[in-house]
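Here the structure is laid out as structure tokens; the discussion comes afterwards.
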Amino acid sequence: MVGLRWLFSPYVMNRKQFLGVGLELNPGILRFSAFTGTLENPRAIQDTILYGAVLLPSFKRRAYGVKLGVGSNRNYFDLIAFNARDDISSLQSDEVIRMGVLPEDNLVIGTGFKVSIKQFFTLESNGALSGLTRNKTTQEIVYDQQNLVSPFLTATGNTQASIAGNVRGRFLIKNQSVGLEYKRIEPNFRSLGLPFIQTDIQAYLAFVNLNLFRSKLNINMQGGLQNNNLRNTKAIQSNRKIANIQVMYRPNKQLQFMVQHNNFTNDTEGGTIELNDTLRFTLTSGQSGIFAKYSTNAKEDKWHISLNLNQQSIQDLSPVSRISGDITSWNATASLGKDFDAIDFNVKGSLIYANYDGSFENQKRYGGGLSLNKKFFDKKLNTRFDTRYFRNDIGKFGNGGVLTSGLNLNISLSEKQSLSFNTYYINKTSIASRNFNELRSGLSYQIRL
């Protein structure tokens, strides 16, 4: 399988995987990107909650998108259009009835801009209007005259329109910055180009970034208020105080320390948490961690040692068979690496441990990984190979393991052209559910005009 991830906007399309082609051009002040292909449909992912360890049938979801804009990275204005449509003929009618699969249509129009006033002030914003038909087989709405939307969206009685967006302003004063942000995501907002988004939230945020002692100490703080029930459809409104802080200290070139804590994160990009070989939709509601890194004081062939400890509180948002209460996870990673500058090669090994607690039997994951990076032909070809293996335990019993491997090749054809190839393989053995393996590959060509 060849898979690409495309980035338009945090509210339109954010690194959603698809099978197809994409193009990006930036001649002068013009900004253009487009893609077309078949979207990854989450209903096709192996699911052990709803129907056991099977691949769920899903409609073939075709999509395309275009972004047109003018400007540079400091000042720009973009218009974005995204359209995804399920092909009703790609599933048999008996499968639709048996599995309860509903065909969907989605049209999203988005904007984005950024304005910079010298090195003093920046104002940026992203927004989107989404029209979603959750079941296109119901009675279609007939218009008296030609409608501009009808070629891109099958409008029925269950079609909904909703908006999402944010605006953020930042002041920079002598390498320090302060700012304000407002974010609003309406209830039922959804784009099929996003892996996940939390809806029905409104947030008022303030943030401060301080660089002290000649940038040896960096403090990044964010705080604010958040609430839901934007349309007064719930009996109770939830209010939340947001407090995020990250402190990084680098006394010299060899040592680096970081401490962070946050009680809320909100992102549209998906991650992975695997509990008992089960697919679940989760939201990180709190996170604390420390990180330390040491590099030897040598001009060449440096050693690198790092340690990372992290604790997370995770809310289970799965629609069926939800876990009551939060999930608490502990993760620890220790790594040792070495650079061989004379031959443009570096190697890193790591040990990894994870522990999950909740209203289920305790689960553990432990293992290690190896990373190799080598450059050839005067650094024109960069190769990277990564592999990791984990053992999974449920309580006192072993539950198989997971092997993941990836290879990435990047070739510089000229000053303005490059070619990249990547492939990813996963092999999972399990006692609690069936075994699973998958191979994905991608090829991309880039030219700068």
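Below are the figures for this structure:
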| quantity | calculated |
| --- | --- |
| Elements of type strands (runs of 3 or more DSSP E) contained in the range 333-449, each with 2 or more residues being in contact (Cβ under 8 Å) with a residue 24 or more places away in the chain and within 24 Å of Phe291 (Cα to Cα) | 345-358, 360-376, 381-394 |
| Any hit, the range 187-203, residues being touching a residue at least 40 places away in the same chain (Cβ under 8 Å) and part of a strand (DSSP E or B) | yes |
| Criterion (surrounded by fewer than 17 Cβ atoms within 10 Å (Cβ to Cβ), under 30 Å from Val70 (Cβ atoms) and hydrophobic (A, V, I, L, M, F, W, C)) met by exactly one of Leu212, Leu107, Leu148, Leu205 | Leu148 |
| Neighbours by Cβ (under 7 Å, 6+ apart or cross-chain): first from the range 221-250, part of a strand (DSSP E or B); second among the basic types (Lys, Arg) | Leu225/Lys241; Gln226/Arg240; Tyr249/Lys216 |
| Verdict on Leu449 being of a type in the set (A, V, I, L, M), closer than 27 Å to Lys16 by Cβ and modelled with pLDDT under 85 | yes |
| Count of residues meeting criterion [within 26 Å of the chain's Cα centre (by Cα) and assigned to a strand (DSSP E or B)] in the range 251-264 | 6 |
| Odd one out for Lys364 among (1) out of contact with any Asp or Glu (no Cβ under 8 Å at 6 or more places or on another chain); (2) of a type in the set (Lys, Arg); (3) under 15 Å from Ala332 (Cβ atoms) | (1) |
| The range 163-186, subset in a loop (DSSP other than H, G, I, E, B) and in contact (Cβ under 8 Å) with a residue 40 or more places away in the chain, residue farthest from the chain's Cα centre (by Cα) | Asn175 |
| When residues of the range 25-50 are limited to those that are charged (D, E, K, R) and in contact with a Phe, Trp or Tyr (Cβ under 7 Å, 6 or more places away or on another chain), the one modelled with the highest pLDDT | Arg31 |
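The values are calculated or read from the model by the stated rules, or taken from the named source; none is laboratory data. As the structure is a computational prediction, the values presented were derived from the model and not from experiment. Neighbour counts are summed over all protein chains in view; Cβ atoms, including those assigned to glycine, are modelled from backbone coordinates with ideal geometry.
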